[in-house]
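Comments concern the structure below.
The values are calculated or read from the model by the stated rules, or taken from the named source; none is laboratory data. Everything numeric here is computed off the predicted structure, so don't read it as measured data. As a convention, Cβ positions derive from the backbone with ideal geometry for all residues, glycine included, and neighbour counts pool all protein chains shown.
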Ligand SMILES: Nc1ncnc2c1ncn2[C@@H]1O[C@H](COP(=O)(O)OP(=O)(O)OP(=O)(O)O)[C@@H](O)[C@H]1O
Ligand SMILES: [Mg+2]
């Protein structure tokens, strides 16, 4: 199939809620083993796109291919990790139990679950909190657990919806180091962010506005074609240009 080289490919992907178009004929291609940053103001359609990629939403028109398979495809989901914008955790379970539960859902062996839980507790720096109920954690800590849960089955593709919101700067930096590390191992990451310093660390960024992809390229390309000095300025220019048309 033509879509095989890409981790993600959408063809005229469209989502309408009634008469409102949340995503409009999107043709997006994300190569494997890259970090792709999806940017755009509130309501631009970022979460809608991620839900379409997962098959959680049905397109009004067009198609989404994930790791070469047309979505929805339940089998391919074992290769995909998803961190929702609103965390999906079991508040009455501990940190460790949450990660283990996601491991069980993905059918990992007991041994593998134990290994991965240890690794991920280290990565999110919550070893000391592993036996605490999630309901007792701060917002940022819950976010960290949610990220760990999305990665427990070592997926090839990670779809992370605002993974670093509410995370302190030091840990945010360590998340980005980790993203770089797993990318080198062949993992593809598509994430949404409102932070321009994070956008600058992506291999490629796409700017969504009112359901349209209005700019795409490497951070350097985006700055060059907009004739500005920073990504922030560049995106403000693209947003204004688009608003006039
Ligand atoms: N179930 C729904 N019914 C009607 N409209 C919806 C529904 N879900 C999303 N929308 C609308 O679709 C648009 C895109 O929403 P979406 O959540 O994809 O935006 P977003 O880019 O993720 O925004 P944010 O940065 O705030 O997370 C918004 O205008 C939103 O109100
Ligand atoms: Mg969103």
Given (1) within 16 Å of ligand 1 (Cβ to nearest atom); (2) assigned to a strand (DSSP E or B); (3) under 22 Å from residue 151 (Cβ atoms), residue 81 misses just (1)
Filtering helices (runs of 4 or more DSSP H) wholly in segment 127-245 for at least 2 residues that are away from ligand 2 (no atom under 16 Å from the Cβ), closer than 30 Å to residue 22 by Cα and within 17 Å of the chain's Cα centre (by Cα) gives 139-151, 169-184, 196-199
ask   = Could you say whether any residue in segment 231-242 is modelled with pLDDT of 95 or more and away from ligand 1 (no atom under 16 Å from the Cβ)?
value = no
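Yes or no: residue 173 outside the structural domain of residue 29 (by TED's automatic domain parsing), crowded, with 22+ Cβ neighbours inside 10 Å and without any contact (Cβ under 8 Å) to a residue 24 or more places away in the chain?
no
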Of the residues in segment 71-99, those that are away from ligand 2 (no atom under 16 Å from the Cβ) and without any contact (Cβ under 8 Å) to a residue 24 or more places away in the chain number 8
Self-check item: Residue in segment 135-155 that is within 17 Å of residue 31 (Cα to Cα) and crowded, with 19+ Cβ neighbours inside 10 Å present
Solution: yes
> Before we move on, is residue 67 within 16 Å of ligand 2 (Cβ to nearest atom) and either assigned by TED's automatic domain parsing to the domain that holds residue 157 or touching a residue at least 12 places away in the same chain (Cβ under 8 Å) (or both)?
Replying inline: no
Looking across segment 21-55 at residues that are part of a loop (DSSP other than H, G, I, E, B) and out of contact with any helix residue (DSSP H, G or I) (no Cβ under 9 Å at 6 or more places or on another chain), the single one that is farthest from ligand 2 (Cβ to nearest atom) is 32
Here the residues within segment 1-46 that are under 11 Å from residue 67 (Cα atoms), within 18 Å of the chain's Cα centre (by Cα) and either crowded, with 22+ Cβ neighbours inside 10 Å or at pLDDT below 95 (or both) are 7, 8, 9, 30
Can you say whether residue 117 is modelled with pLDDT of 95 or more, over 20 Å from residue 87 (Cα atoms) and crowded, with 22+ Cβ neighbours inside 10 Å, as far as the supplied structure shows? no
Selection over segment 44-64 where residues are without any contact (Cβ under 8 Å) to a residue 40 or more places away in the chain and at positive phi yields a count of 1
